[in-house]
Amino acid sequence: MRIDLHSHSTCSDGHLSPAELVARAVEKGVNVLALTDHDTVDGIALAQAAIDADALPLHLLSGVEISCTWDAIEVHVVGLQVDTQSPALLALLESQSQARTARGVEIGHRLEKNKLPGCYEGAVALANGGMLTRSHFAHYLVEQKHCKTMQNAFDRYLSRGARAYVPHHWASIEEVVTAIHAAGGVAVLAHPGRYKLSTKWLKRLLVLFKEAGGDAIEVSLCQQSPHERSTLGQYCRDYGFMASVGSDFHTPLPWVELGKNLWLPKDVTPVWHVFSAFPDVPQGEEL
Ligand code: AMP
Ligand code: MN
Ligand code: MN
Ligand code: MN
C-alpha cells in the first residue's frame, strides 16, 4: 500500500495538471493520494473527475496546504479530507488568495525597482488561473534569463531578506486549524524540518500547534535523514500527534517522486486511522 498525503498540481505551483497528477500517481503505484495545493481546493474536483473517467485504481483525499504567519515565520498547515464546499474554509481561502495577489503586486513593484519590469504580469500568466506563488515569479525570472535557476531566483530576489522579498500576512495557525476543523478535516503541520528552526523553537511551534488543536505532523518525506524521521516520530509520541506522510511533489525530479520512500517509524499513530472511507491499510512499518 502506497500512501502520499502531500502533492501539488497546476492549480498552484505544481507542473502537472490534476489529471496528469493522478495518472502519474497510479503509474508510481500510489493507492491513496491527497492533492494539497497552496491555498486552493480547485484541483480536487478535476482530479476526481479524471479518476472517475478512466476508473483509475486510486483513492483521492481532498486536501489543501495553507500558509500561516507565525511572527516573521511562515508555517504550512495541510488540511486532509476537508469538505471543499465548507463556507468557513472557502472564506479563509478567499482571503489568502487576496493576500497572495496583494503580495504578488508588491513583489512586482520591488522587482521593477531592480530594473526587472513586467514580472507580476509574467508570473500571473505562468500561474494561468491557478494560485499565484513565488515559484511563478522564480520561473518567470529564469524564463527571461534574469536568473540561471529557480534556486538562484529565490536566493537573489524572493527568499526572506532578498531584494524583492515581501513580508507575508497570512492567517494565523489558530485560524487555519479552526477552518480545517470546520470543514471536517484533519490539520497536519507540514514538513516541520523545513522551517530552519532550532530544536527549542521547533518545540515551541509544536506546543502552539497542539494548543491550536492541530492533529498530526508530517513525519515522513522523500528526502530525509533517518535521524530526522525518527526524531519527528518521537515528537508525535511526546506531543500526542498522529503521523502523516507526503512527498510534497511539485514536478518529476530524481529525488522527489509521488509515493517514494515514505514510511512511518514504529509506535506512531498514522493519521489515516481517523479517516472515513479509507481503504484498508495493512499494519507494519512499510506502507
Ligand atoms: P509561496 O507560498 O508563494 O511563498 O511560495 C512558496 C513555494 O515556493 C514553496 O511551496 C516551494 O514550492 C517554492 N520554493 C520556496 N523556496 C524555494 C527555493 N529556494 N527554491 C525553489 N522553490 C522554492
Ligand atoms: Mn510549492
Ligand atoms: Mn509547504
Ligand atoms: Mn507543499
Task: Long-range neighbours under 8 Å by Cβ, at least six apart or interchain, first residue at pLDDT below 95 within the stretch 212-231, second part of a loop (DSSP other than H, G, I, E, B) and crowded, with 20+ Cβ neighbours inside 10 Å - done: Cys222/Ser247; Cys222/Asp248; Cys222/Leu262
Task: Residue that is nearest to ligand 2 (Cβ to nearest atom) [pool: residues in the stretch 242-259 that are free of Cβ contacts under 8 Å to residues at least 40 places away in the same chain and assigned to a loop (DSSP other than H, G, I, E, B)] - done: Val256
Task: Leu126 being free of Cβ contacts under 8 Å to residues at least 40 places away in the same chain, under 30 Å from Tyr239 (Cβ atoms) and either in a helix (DSSP H, G or I) or aliphatic (A, V, I, L, M) (or both) - done: no
Task: Single residue of the stretch 111-128 satisfying the filter (surrounded by 14 or more Cβ atoms within 10 Å (Cβ to Cβ) and among the hydrophobic types (A, V, I, L, M, F, W, C)) that is nearest to Val166 (Cα to Cα) - done: Leu111
Open item on the list: I'm told Arg134 meets every condition in (1) within 30 Å of Asp83 (Cβ to Cβ); (2) assigned by TED's automatic domain parsing to the domain that holds Asp238 except one. Can you identify the failing condition by its number?
Closed with: (2)
Open item on the list: What's the number of the only condition in (1) assigned by TED's automatic domain parsing to the domain that holds Phe249; (2) surrounded by 24 or more Cβ atoms within 10 Å (Cβ to Cβ) that Cys68 fails to meet?
Closed with: (2)
Open item on the list: Among the listed residues Asp42, Asp13, identify the single one that is touching a Ser or Thr at 6+ places or on another chain (Cβ under 7 Å), within 16 Å of ligand 2 (Cβ to nearest atom) and closer than 21 Å to Val176 by Cβ.
Closed with: Asp13
Task: For Glu218: the one exception among (1) more than 16 Å from ligand 4 (Cβ to nearest atom); (2) surrounded by 15 or more Cβ atoms within 10 Å (Cβ to Cβ) - done: (1)
- [ ] List the number of the failed condition for Gln96; all other conditions in (1) at pLDDT below 95; (2) surrounded by 14 or more Cβ atoms within 10 Å (Cβ to Cβ); (3) not aliphatic (A, V, I, L, M) hold.
- [x] (1)
TODO: Could you list, in sequence order, all residues of the stretch 249-261 that are within 14 Å of ligand 4 (Cβ to nearest atom) and either surrounded by 16 or more Cβ atoms within 10 Å (Cβ to Cβ) or outside the structural domain of Asn31 (by TED's automatic domain parsing) (or both)?
DONE: Phe249, His250, Val256, Leu258
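The values are calculated or read from the model by the stated rules, or taken from the named source; none is laboratory data. These numbers were taken from a predicted model, which means no experiment stands behind them. With ideal geometry, Cβ positions are generated from the backbone for all residues, glycine too; neighbour counts draw on all protein chains shown.
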